Amino acid sequence: MTDTPMIRMASVDKHFGDLHVLRDINLEVAAGQVVVVLGPSGSGKSTLCRTINRLEPIDSGTIEVDGKALPAEGKALAGLRADVGMVFQSFNLFAHKTILENVTLGPVKVRRNSKGDAEKAGLALLERVGITNQRDKYPAQLSGGQQQRAAIARALAMKPKVMLFDEPTSALDPEMVQEVLDVMVTLAKEGMTMLVVTHEMGFARRAANRVVFMADGEIVEDAVPEEFFTSPRTDRAKDFLGKILTH
Amino acid sequence: MDVLVENLGLYWRGVLTTLQISLYSGIGALVLGTIMAGFRVSPVPPLRAVGAGWVTAVRNTPLSVVLFMIAFGLPEIAINAPFFWFGVTGLALYTSAFVCEALRSGINSVSTGQAEAARAIGLTFGQTLGEVVLPQAFRTVVPPLGNVFIAMIKNSAIVGAVGVGGDLYSVGVQLTGSLGEAAIPVLIGVALGYLVLTIPAGLLLGYLERKVAIAR
């Protein structure tokens, strides 16, 4: 592990109008670490995830990815985003492109790879997430689980340094959650740096190095999963765990 | 109605001239309108202001005024061209404002997640628009864009009225004026001439709409 954290957030604040969504966020994610962000809805965890590739700009503070501060809007920001993979709750596959085209668009247009190379690498990725046979279909023709796996492949095609997951299984039917989590666990085991906003406690226990618990825009706890789940320090975390673990 | 049969050649040349004006203006309006729509949704505030200013200025000015300003204004700054091209330029500029707004409605119909995903893999603003948003926007804008272009074909009559000779409208003027034919039969011929253009245009648009419709 190097000294430079892959993600570093320092004194980050953000408002949506009057709503203070992120309050003095300080967070470091070391290379190769898997950090799961938990918290009740409205706690700011998705916003936190989206600030890291500047899909949401911040009001104050600094965010660095691999030691480089986030640039302002423009070519430099696009370059940084290419190195930061993102997986969305609602998949957001390009609706007018086939699955293979979804996976090759970035490598061809951003990385300037040849179409042939991009397709070869893309097919290998589709193989890895188990949907090679869907390559020529359009996103709407796939199940939610298949779409999300394709979205993960699309992000991986950019060979990112870090992957952000914004509630990747929240829009899925229950029987499709596992297939997506399996892909994510494999990725974590391979040493990918990941920041995962999720409600999947099983994933947090199995794959996370750390759990970050957020409430009301603040990071309230930051602990290893076992410690967080068995002996949370704050009442808010106890309350949250009580609600989700008893259902 | 003999006037129709006797002057079929004249009418036909009118149809072709109107078609020429419409094609050139249509291409110009599509290019400029797309650029302006890009401006209006860009992350750069000055560009947005230019796009909004363009639409406000051009959309709210009568076409005849736009045409006169070009026909009399451009020669003042030493830009001279055949009147045909002044007419085409004016009609293209005027129509571009409507193309821009039709396109913008289509851009707004594409979910923000599509643009976010495009930005997230490192596409620039231009690439996001060109590769992801506009191809999907064009699907929803075929019907409103069709309206704009059919209106434009008919607006070419005003281009004829301000002095481009030989188009359908001018044919009508010529027949009823200097050749002294009765107005109603001549104008029926003119109307039929426009239908020769607008009905195939409508059919083409219907075909396009089916062709670009893909499940999303």
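Read the figures in this text as sums done on the coordinates, not as results from a lab. As the structure is a prediction and not an experimental result, all values here were calculated from the model.
Can you give me the angle between helix A:99-109 and the longest principal axis of chain A, using Cα atoms only, in degrees from 0 to 90, rounded to the nearest 10?
Between the helix axis and the principal axis of chain A, the angle is about 90 degrees.
So which residue, out of B:Ala117, B:Ala151, B:Ala201, gets the largest mean-square fluctuation from a GNM of chain B using Cα contacts under 10 Å as springs?
Its mean-square fluctuation being the largest, the pick is B:Ala117.
For B:Lys154, which lysines qualify as cross-link partners when the Cα separation must be under 18 Å and same-chain residues fewer than eight apart are set aside?
B:Lys154 reaches no qualifying lysines.
In whole percent, what relative contact order does chain A give with Cα contacts below 8 Å and a gap of six or more residues? Present the calculation step by step, with values, prior to reporting the outcome.
Values: 455 pairs, mean separation 65.3, N = 247.
Rounded, it is 26 percent for chain A.
In degrees between 0 and 90, to the nearest 10, how far off the longest principal axis of chain A does helix A:174-189 point, with axes built from Cα atoms?
Around 90 degrees separate the two axes.
Identify all lysines with a Cα-Cα distance to A:Lys161 below 23 Å; exclude those on the same chain that are fewer than 8 residues away in sequence.
Within the straight-line cut-off, A:Lys161 pairs with A:Lys45, A:Lys68, A:Lys75, A:Lys109, A:Lys115, A:Lys120, A:Lys189.
Between B:Gly193, B:Gly113, B:Gly90, where does the largest GNM mean-square fluctuation fall for chain B, given springs only between Cα atoms within less than 10 Å?
Result: B:Gly113 has the largest fluctuation of those listed.
Can you give the helix-only mean residue ellipticity at 222 nm for chain B, where every DSSP H stretch with n ≥ 4 adds -39500 (n - 2.57) and the sum goes over all residues, rounded to the nearest 500 deg cm²/dmol? Please report the intermediate quantities before stating the final value.
On the way: 9 runs with 170 residues, N = 216.
Calculated from helices alone, the mean residue ellipticity at 222 nm is -27000 deg cm²/dmol.
Within straight cross-link reach of B:Lys211, meaning Cα distance under 20 Å, which aspartates and glutamates are found once same-chain residues fewer than 8 apart are removed?
A:Glu101, A:Asp136, B:Glu131
Using only helices, what value at 222 nm comes out for chain A when you add -39,500 (n - 2.57) per DSSP H run of length 4 or more and divide by the total residues, to the nearest 500 deg cm²/dmol?
Calculated mean residue ellipticity at 222 nm is -11000 deg cm²/dmol.
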